[in-house]
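This report refers to the structure that appears directly beneath it.
Readers should treat all values here as calculations from the given coordinates under stated rules, not as data from a laboratory. This structure is a prediction, so every number in the text was calculated from the model and none was measured. No Cβ is skipped: glycine too gets one built from the backbone with ideal geometry, and neighbour counts run over all protein chains shown.
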Amino acid sequence: MDVRKNPPDPRRTDILNEAELPQDVWTQLAQAVEQTGIDPVLRLLVSEAQSQHDALRGVTAAIATRYRALIDAVPDAITIHDADGRLRDANEAACRLYRRERAELLLCSIHDLNPDLDPDFISLLNAAFDRGDTLRFESTLAHGSAGSATLELHAHCYLDSGQRRVLVVTRDLGPRQQALELLRSSESSLRQVLRDVDVGVITRARDGSVISANPATCRILQISEAELISLGTERVDQWQFIDANGVSMQQTQQPWFRAFETGKPVESVICGIRPPRARETLWIQTSATPRFGSSGEVEAVISIFSDVSRMYRDVSLFEHAQTSVNVGAWRIESRNDHVIWSAQMYVIFDLPPASPVTLNRMLGHVLDSDRDHLRLALASVSRENPQELVVRIESAIGRQRTLRIRMRALHRDDRSHTIVGSVQDITGEAAVARAPAAE
């Protein structure tokens, strides 16, 4: 049977569409070769050809499925046009952007979607294709009473089976513009906060030069921001930096430098600054935080500091007074058994400075005969009932001392019980009191 003798009449309205027609031809071929008298070799060839055709259709369907999944997964709107600008395909993002179904979009041209495009856009695009360039332009999309959106379009030409196609990627700039406006507003608010806060904020580059400083920095250091920024290395070297013990600090020991080197924040460091013309040392409490760039390297360090000169001098004077009269101060948080000692307390008990202390450790140095009296005093002390007693202790290195302990409660309730007190070494006075009177 020759299937070419009866071609379909193009005027008929009941003929199969293009997608169905090839399958019908293959069905007719399969039926034809099954008739009696057909050469078996021909039957085999038709069967093999049909298998190859089915496999090819499967591959084509898989490619089409991957293509559709790929462009629909892209968050930006993608439209594909022919050389005249008529739409050939669109992804789901384009349907959402233009608020039309895909079938409706396929009836449009690029000028229908973007009415404010240059009338010569296709000519410009063809010229860009000849140069191998991509065109970028902006367009405005009206959404009726809902307002309009500013679009950014990137158009590029390519060849598809010898036919020129135009790929257009469209992005709604509205969210980006809103994010930029929010960022500008946040930056403006942050600058205002930095201007108004009463702590210094200074940003340094890796070489130690000042990038920026807020007004509080200038007020504390008695120098303008322009002068700080213009300070050269030789002028910075004239500034003296010392630690809390009065020892000179090299640049590598300063908090901002350590933040650069380690990439980690440096918290609450007390140090002194003595500018060249200053009459006295300025004491500050400073913290330094690294700021990382896009490469992951530290590109700047932000230091926040406050002037603690008066407090530092008061503390120094208090510590001097404690040392002079050999008096220590202590504080007990009975809820967690945490004890805080002043520096002189460690001297009196012959313990290493800043070593951890608990209430039990403190009581362990009190002689057995006096320990119960001290426990009773701690249990009965209140804001209205301060306690005073004399106890004997044995220090960490075995020295016997007599101490006068005074204490009072700051507050006492079901949640906390805070006691503060003082310890005075009266060993010498006690020895005199115990000595027999001279005849």
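Summary table below
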read-out	value
Sites ASP112 and GLN31 - FRET efficiency at Förster radius 45 Å, r taken between beta-carbons, to 0.05	0.45
Potential extension, ARG383-SER268 segment - 0.36 nm per residue separation minus Cα distance	38.1 nm
Residues whose placed amide H lies under 5 Å from that of ARG88, excluding near-sequence neighbours	ILE80, HIS81, ASP82
Gyration tensor over alpha-carbon atoms, region 74-178, equivalent ellipsoid semi-axes in Å	22, 15, 12
For peptides 90-98, 368-376, sequence by mean Cβ density within 10 Å, most packed first	90-98, 368-376
Label-point gap, in nm, between ALA73 and LEU231 - each point 7 angstrom along Cα→Cβ	5.5
Cα-based convex hull volume of region 85-137 per residue, rounded to whole Å³	92
Computed FRET value (nearest 0.05) for GLU152 with ALA127, which takes r as the C-beta separation and R₀ as 25 Å	0.75
Per-pair calculated FRET efficiency, R0 = 35 Å: ILE397 and SER369 via Cβ, rounded to 0.05	0.95
Cut-off 20 Å, label 7 Å out along Cα→Cβ of GLN163, residues of region 31-64 by amide N	57, 60-64
